[in-house]
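Working notes for the structure below.
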């Protein structure tokens, strides 16, 4: 069966996986607000339970990339769906106050979530007829998952409980995994080797130059990404407290009782709704039209303002800063993928993408530790985001060391195939 026959199904399952992975490796940032009340424990202490999971989210990416090359992306995607589903359900069933059990179940979310980017992205690239379109659709689903990480738990907590916020998405994951396995057995989805790209000959010096620069920038950007993802809810909870109270009071007068976590979740989701639309509408055009290095440096420099807005702005300014940060990260990510695809030998692309996410997600624990420590010490996160503004200056300076000359137009093939 040719790849054109199963390409649309691959795109569907990979896109659903992209959405679920992003939602389920982030929704604890919202659930923890309610869990702290239910368990009568500090939110900072409970947030730290997720730190080991973020380590696994990075570390497991590399062996997941190897396993995808060895056993095929479809099989690894089934493993991801089943593992994420069981781990999320385990989180929802943990005994009240059992912090060790919860941390262990959260580690499952990190370990199985790490499979996606190493397996799912390459799966789409190898099997889609129109790679640029497929990557655009896939990226939009990923952004949708980030948007849902606040909405879904907020609604489920309001309707039922924090346990439902874990269990319901877990059941959805198991159902999708079963559907993918059924399609695999019937030969309706498959994998194939990476098509040969137009000749891109680069020297070993160029490879190590790009690898060294991106190792630094992606690690520091990973801290910023995770800090916004896990810190925004705390910022919004504090700076929108009056508006949330007014909304809840107004709705209560109509007989509709809501919890504050619902509105915090909606605010955090808005970040990724807007950034997802921006990525889909503008990302590829900007990347195709302007030099990669220039775009990457500008995006990094603009993060300085976004972090300052989160640190010093009122609720609405902080929200704008969080949205801007997510949009800028959405612009930087595809450029990193293009550079990895361009400067890494094709037969090692799986390991190359796995290595990227080891670096990018491996910085996540530092962000969580910083959030917990700064909030416990100062009572807010202003100092953290001011520090990340300074970090963005460092990223910009290091990014200036990237090779400056873009390849010829025949390399647009790589742009379309690697963009997220």
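For region 1-63, just say rounded, prolate or oblate: build the C-alpha gyration tensor, square-root its eigenvalues into a ≥ b ≥ c, call rounded for a/c under 1.5, and beyond that prolate if a/b exceeds b/c, oblate if not. Working shown, then result.
Working: a/c = 6.84, a/b = 2.40, b/c = 2.85.
Since a/c reaches 1.5 but b/c is at least a/b, the shape of region 1-63 is classed as oblate.
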(message) Given an 8 Å cut-off on Cα distances and at least 6 residues of separation, report the relative contact order of region 1-134 as a percent.
(response) 41
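If R0 is 30 Å, what FRET efficiency do you get for residue 312 and residue 37 from their C-beta distance, rounded to 0.05? Please report the intermediate quantities before stating the final value.
Numbers: r = 29 Å, r/R0 = 0.96.
About 0.55, to the nearest 0.05.
Which of rounded, prolate or oblate describes region 1-150 when judged by the alpha-carbon gyration tensor and an a/c cut-off of 1.5?
Verdict is prolate for region 1-150.
Once you have the Cα-Cα distance between residue 241 and residue 185, take 0.36 nm times their residue separation minus that, and quote the gain in nm to one decimal.
Values: separation 56, 0.36 × 56 = 20.16 nm, distance 5.17 nm.
That works out to 15.0 nm of additional length.
What's the FRET efficiency of residue 393 with residue 45 using the Cβ-Cβ distance as r and R₀ = 35 Å, to the nearest 0.05?
Numbers: r = 32 Å, r/R0 = 0.92.
That gives a FRET efficiency of 0.60.
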(message) Going by average Cβ density within 10 Å per residue, which order do the peptides 293-305, 179-191, 263-275 take, highest to lowest?
(response) 263-275, 293-305, 179-191
(message) For a protection proxy built on the mean count of beta-carbon atoms within 10 angstrom, sort 211-218, 306-313 highest first, please.
(response) 306-313, 211-218
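Read the figures in this text as sums done on the coordinates, not as results from a lab. Quantities reported herein were computed from a predicted structural model and do not represent experimental measurements. Neighbour counts are summed over all protein chains in view; Cβ atoms, including those assigned to glycine, are modelled from backbone coordinates with ideal geometry.
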